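The structure appears right after this line, and notes come after that.
Quick note: the coordinates plus some simple rules give every number you see, no bench work behind them. Values in this document were obtained by computation on a predicted structure and should not be read as measured data. Cβ: placed from backbone, ideal geometry, glycine included. Neighbour counts: every protein chain shown.
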Amino acid sequence: MKMEITVPEVIDLINEIRQEPENLFEMIRSNVQETVGQYLSSLMDAEMTHFLGRKPYERCEGDKNHRNGSYGRKFTLKGIGSVNLKVPRDRKGDFKTEVIPRSKQYEDSIREDLSVMFLAGVSTRTLSLISERLIGRKISSGEVSKVSESLTDSVEAWRERDLSKEPI
């Protein structure tokens with residue numbers, strides 16, 4: 001794909017960046033999110049090709065399972081924000097992607113960061129309020145509470161561990 005741009009268009013763009021430099025960073029962020037979403041979607045398409053054993057529109061005798069379009073999904077990545085994905089599906093509903101975790105809306109490192117902030121004393125409501133600024137997606141206080149439950153389970157397991165075999 002060849003992109004052509006004229007000198008006056010370049011000058012206008014440079015002047016706009018000088019006046020409002022934050023617009024450039026917003027354009028870059030938006031472009032990165034779009035590119036990452038397309039990349040992950042193409043990875044899932046390749047995964048579907050491997051799962052079915054043939055390329056799109058390629059038929060084979062006797063096999064009745066085919067591609068059946070895709071559905072849209074959002075997934076939040078640390079440092080990038082919310083990306084739009086196209087998750088492919090098959091007619092039988094057997095395909096499960098390994099690229100994006102099933103029924104998770106954000107990656108595990110975000111969960112870990114929320115846990116650390118919660119341990120540091122940041123309330124669930126405050127975390128919910130600042131999450132959109134930090135990761136580009138608002139996380140409900142209920143989701144933060146679910147994340148903190150895993151911490152509680154770990155602390156309880158440590159508290160109730162068997163100490164009889166520990167050296168004195």
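In summary, the aspartates and glutamates within cross-link reach of Lys92, defined as a Cα separation below 20 angstrom excluding same-chain residues under 8 places away, comprise Asp45, Glu47, Glu58, Glu61, Asp63. For segment 26-33, 3J(HN,Hα) computed residue by residue from phi via the Karplus equation (6.51, -1.76, 1.60; θ = phi - 60°) reads 5, 5, 5, 4, 4, 5, 5, 4 Hz, glycine and proline entered as x.
Couplings for segment 7-15, taken from phi via the Karplus curve 6.51 cos²θ - 1.76 cosθ + 1.60 with θ = phi - 60°, read 4, x, 5, 5, 4, 4, 5, 5, 5 Hz in order; Gly and Pro are left as x. Between Ser82 and Leu77, the built amide H atoms are under 5 Å apart, and every one of these is 5 or more places off in sequence or on another chain.
In whole percents, the pair-distance distribution calculated for segment 52-95 from its alpha-carbon pairs, binned every 10 Å from zero, is 24, 40, 22, 13, 2.
The reciprocal of the average 1/r between distinct C-alpha atoms defines the Kirkwood hydrodynamic radius, which for the chain equals 20.2 Å.
Below 27 Å, Cα to Cα, which lysines can Lys96 reach? Residues fewer than 8 away in the same chain don't count. Straight-distance partners of Lys96: Lys55, Lys64, Lys74, Lys78, Lys86, Lys104, Lys138, Lys146.
Shown here is the pair-distance distribution of segment 101-144: with all Cα-Cα distances grouped in 5 Å bins from zero up to the longest one, the shares run 5, 23, 36, 27, 7, 2, 0 percent.
Annotation: segment 75-168 has a Kirkwood hydrodynamic radius of 15.7 angstrom, from the mean reciprocal C-alpha pair distance. At full extension, Thr35 and Lys96 could sit 19.7 nm farther apart than now, given 0.36 nm per residue minus the alpha carbon distance. Pair-distance distribution P(r) for segment 9-82, from all Cα-Cα distances in 5 Å bins starting at 0: 3, 12, 16, 14, 11, 11, 10, 7, 6, 5, 3, 2, 0 percent.
Annotation for segment 46-112: GluC sites (Glu not before Pro) lying in DSSP loop with at most 14 further Cβ atoms inside 10 Å of their Cβ are Glu58, Glu61, Glu98. Extension gain, Lys74 to Met27: 0.36 nm times the residue separation minus the Cα-Cα distance gives 15.0 nm. For segment 108-142 and segment 22-77, compute the distance between their C-alpha centroids and round to whole Å. With segment 108-142 and segment 22-77 each reduced to a Cα centre, they are spaced 29 Å.
Just to be sure I understand: if I project the alpha-carbon convex hull of segment 61-129 onto a plane and average over all orientations, what area do I get in nm²?
Values: hull surface 24.7 nm².
Approximately 6.2 nm², given one-decimal rounding.
Each Lys or Arg adds one and each Asp or Glu subtracts one; over the other residues with Cβ under 9 Å from the Cβ of Pro88, this totals 0. What the Cβ-Cβ distance of Tyr57 and Ile14 gives, at R0 = 45 Å and to the nearest 0.05, is a FRET efficiency of 0.50.
Could you tell me the relative contact order of the chain? Use alpha-carbon pairs under 8 Å, at least six residues apart, and round to a whole percent.
Contact order relative to length: 17 percent.
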